[in-house]
Every structure is written in C-alpha cells, then in structure tokens.
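Quick note: the coordinates plus some simple rules give every number you see, no bench work behind them. Quantities reported herein were computed from a predicted structural model and do not represent experimental measurements. Cβ atoms come from the backbone with ideal geometry, glycine included; neighbour counts cover every protein chain shown.
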Ligand code: ZN
C-alpha cells in the first residue's frame, strides 16, 4: 500500500472563488509545477468570451486549480462515509487537476479546423513522454493510465468518474462559479458550500440529501443561464467564427503553395497534419497572437482582413437563421460570390445547442446520469420528480442557429447589390 507523501508545509494559493486552494501532497505540488501544467496559464478558460465580457480573461490554470480544490473538499466531506485508499483519493485529485491539461489555445476554433480533440492530447500528455507522466508514475507504472481513464470516463470505479464528470461534478461546479465571477454576470451563482455539505457517496455514484434540493436547483438554473447568456453569446461566437476562418485560410494558403512573408514555423505541423506532442505543447495563445499579428501584414487580402478584424474586434454581424431555409443560404452564397465577397470565408452558419438537465439514464453517456435525491426515509428519487423548476427545463434540448457575415463589407457594395443582400439577410440598415 502506498504511503502518503506530504509536503513539510502545506502550500496555499489565494483564489477569488474558493478563497484558498490547499495543497498537501507532494505529488500534486510537483504536477502544478510541471511545464505542461504551467502552460495552462497561457490559455484562457473562456477562449474568445473576453470580446463580450472583458473580465473573462482567466486562464485554464486558474480553473484547473479550482477543480482540484472542489475535489479535495468533496473528499473531505466523504471522510468517514466511504472508504477510499490514499491512491484512490490521489487519483481523484490528479484527475481533477489534470482534466483540461490537453486544451490548446482557442480550442473551439482550432480543433474544428485542424480536426483533433483536446481529450486525445490530454491522454497523450498523461501517458506520453512528459514531466507529468514522470511525476504520476511515482505512484506506480499504471497510475498515469488510471488518471487518463478517470478523465476519459472509462475507469471502472463509477463513483470516482462521476465526481469529475456527471451532471453535477467538480469541473462544472468550479467553472460555473469561476466564469460567473470573472465575467461579472450575476446569474452564475449557487451555494457550493451547501451542495458539498449535502453530497453523499452512494454505490456507483453520488446522491444529494433532499434538504439540499434548492441548492441543487440553483446550480441547474445557473448552468442554464450561463450557457445561454455567457458561453453561447453571439458576439463570442462571432469571434470564434472569424478565428476559424483565419486558420482555415492560412491552412489553405499553405496547401496552395503561398509564400508567407515569414514562415509560420510553429504552425507548420498543423498545416501538414503531422503533429507531435512536442509541437502541440509548444503552442499557446501568445504564439497564436504572434501569427495573427504577422498575418495581418500579409499580402493575401482575405488573411490580412480577417486578422485585422480579430485583433481590432471588428467582428462579423449576425442574424437568426432557420436551418430549413437551404434556399436562402444558397442564394446568399451566390450574391456574395457575385459581389466579390468570398462566401467560404465571409458567410457562416453557426449552430449551438444545450440540454440543461436530463433525467434519462443513457448508459453510454455517463454525463447524463440523473441527479438523485435521498429522501428522509432513505429512498432515492430523481431530481425532476421533486423539483418543479428543474422539471420545466428537463430533457428539452434548445438549439440556436445564427448566420454570420461582415456587414461593413456588404454596406460598402454598390447600393443595388448591397440592398439585395441586405433584403435577403433581413438587415435593412446598419444593425
Ligand atoms: Zn474543466
């Protein structure tokens, strides 16, 4: 059995959301100080949201420490209620700390264009030739793999998995509070202290004491609000669209043999689709911004224009879009083409959807395990059976479709062409 290896003195980080983050284990401290984890300081948690909410510039480092702290507190409340070995507790804390370690700069836009998933990079960082792997391996050769399995939700202890990914887990509890705090919005708040106090381990997962139902309701509502008011904000998505178009343009220029004024050395592996772990780890937001500044000076008018838009926040405008209206999109594409505005880079439908809470037990997707309440008599009841508020939004997936385009370019066209396009878009004036 593994003996706890504790620091001679507890380390404490000041944190605006949880007040303090406490580190007692040597292993956790060493993971935090690894280069792969420190890299998260240079990647924003909310990607392009700071264009909409200027306070939202906090990093993934910041959030990862928070998830670790929430997990540490959950384990504290479980003390005496369930037996977890030191290795199991450490497994929970490592998974919490490292669950986002594979995120790259502006993941949402970057991943779509270069077709990869940060989850795969997380696994590669944990199990590949990295400092993090070396540190985790001190707990045993298979420990890095176990951490990766917990994060990938394939680990056989379902209780441990559900603490890091379920409908109410350490990850979500931290990001909802943290993102609300930094963006400055009022509706992301819920009482985490109360939730942690009524949380109980139960067979393969967690349940909540009925007396804490209102705190759980608050959490579900705050999640619902945060998704629609912050995460899916149309302006944030506009910045994502522009960024996606930039990567798409640069990649296609590279493929066509375009001579960049300065070769984008650090991005070449991505353009060539031959990315090593070291290439990926060398990437952060400062690298991306460096290239955006460089490309702004490029001769290619599209790349130059898109980069200037992103840097100066001259983003695309949007209108609501009906996904069944294929004809409209085809017509607009033709009109854009004829007007000399390349629709490939300047016309884009962006779709998003969210399921705020689901009461179904879908076995293949652990995240959708329903939230269970433990009644005073001991029986378990699914949350929406007791909560009218949660019932009202349960199982209802909401979709949102927006059509993005540069209004300034449309307005600069000759009146007859511009009028026709605006009429089809339903934008009559400077919206
Ligand atoms: Zn996270």
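Could you work out how much longer the chain between residue 142 and residue 359 gets when fully extended? Use 0.36 nm per residue separation minus the Cα distance between them, nm to one decimal.
74.6 nm
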(message) Can you give me the C-alpha center-to-center distance between the stretch 10-64 and the stretch 156-177, rounded to a whole angstrom?
(response) 18
(message) Could you tell me the extents of the stretch 252-367's C-alpha atoms along the three principal axes, largest first, rounded to whole Å?
(response) 54, 44, 27
(request) Using only C-alpha atoms and all pairs of different ones, pull out the Kirkwood radius for the stretch 379-424 in Å with one decimal. (result) 14.9
(message) Treating the stretch 171-220 as a set of equal point scatterers at the Cα positions, no solvent, please give the Debye-formula log₁₀ I(q)/I(0) at q = 0.21, 0.22, 0.23 Å⁻¹.
(response) -0.74, -0.79, -0.84
(request) Rank by packing, highest mean first: peptides 325-336, 38-49, with packing defined as the count of other Cβ atoms within 10 Å averaged across residues. (result) 38-49, 325-336
(message) Give me Rg/Rg_expected for the stretch 182-262, where Rg uses Cα atoms only and Rg_expected = 2.2 N^0.38 Å with N residues.
(response) 1.88
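Based on alpha-carbon positions alone, could you give the equivalent ellipsoid semi-axes of the stretch 1-155 from the gyration tensor, as √(5λ), descending, whole Å?
Over the Cα atoms of the stretch 1-155, the ellipsoid semi-axes are 26, 20, 14 Å.
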(request) Mind checking the full-extension length gain between residue 396 and residue 375? Use 0.36 nm per residue of separation minus the Cα-Cα distance, one decimal, nm. (result) 5.0 nm
(message) For the stretch 1-60, place one equal point scatterer on every Cα, skip the solvent, and apply the Debye formula. What is log10 of I(q)/I(0) at q = 0.18, 0.25, 0.28, 0.29 Å⁻¹?
(response) -0.79, -1.08, -1.14, -1.16
(message) Kirkwood Rh over alpha-carbon pairs of the chain, then Stokes-Einstein at 25 °C and 0.890 mPa s: what D in µm² s⁻¹, rounded to an integer?
(response) 104
(message) How tilted is helix 86-98 with respect to the longest principal axis of the chain? Cα atoms for both, answer in degrees (0 to 90, nearest 10).
(response) 20
(request) Taking only the C-alpha atoms, wrap a convex hull around the stretch 87-126 and report its volume per residue in Å³ as a whole number. (result) 60
(message) I need two numbers for the stretch 296-431: Rg to one decimal and Dmax as a whole number, Cα atoms only, in Å.
(response) 22.8, 74
(request) Write down the radius of gyration of the stretch 92-220 and its Dmax, each obtained from C-alpha positions, in Å. (result) 16.7, 48
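Where does the stretch 198-241 land on the Kirkwood hydrodynamic radius, alpha-carbon pairs, in angstrom?
Result for the stretch 198-241 stands at 12.7 Å.
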(request) On a 0 to 90° scale, report how tilted helix 213-226 is relative to the longest principal axis of the chain, with both axes built from alpha carbons and the result rounded to the nearest 10. (result) 20
(request) Sorted from largest down, give the three principal axis spans of the alpha carbons of the stretch 225-302, whole angstrom values. (result) 45, 33, 20
(request) Would you mind computing, in nm to one decimal, how far apart the modelled labels at residue 108 and residue 322 are, each placed 7 Å from Cα along Cα→Cβ? (result) 2.6
(request) Apply the Debye scattering formula to the stretch 136-182, with a single equal point scatterer on each alpha-carbon and no solvent, then give log10 I(q)/I(0) at q = 0.13, 0.30, 0.31 Å⁻¹. (result) -0.38, -0.98, -1.01
(message) For the chain, take the longest principal axis of its alpha carbons; what is the angle in degrees between that and the long axis of helix 326-338, to the nearest 10 within 0 to 90?
(response) 50
(message) At a 10 angstrom cut-off on C-beta neighbours, averaged per residue, how do the peptides 309-316, 65-72 rank from highest to lowest?
(response) 65-72, 309-316
(request) Taking every Cα atom in the stretch 188-335, find the radius of gyration and the maximum pairwise distance Dmax, and write them in Å. (result) 22.7, 66
(message) Suppose only helical runs count, i.e. DSSP H with n ≥ 4. What mean residue ellipticity at 222 nm does that imply for the chain under -39500 (n - 2.57) per run, divided by all residues and rounded to the nearest 500 deg cm²/dmol?
(response) -14500 deg cm²/dmol
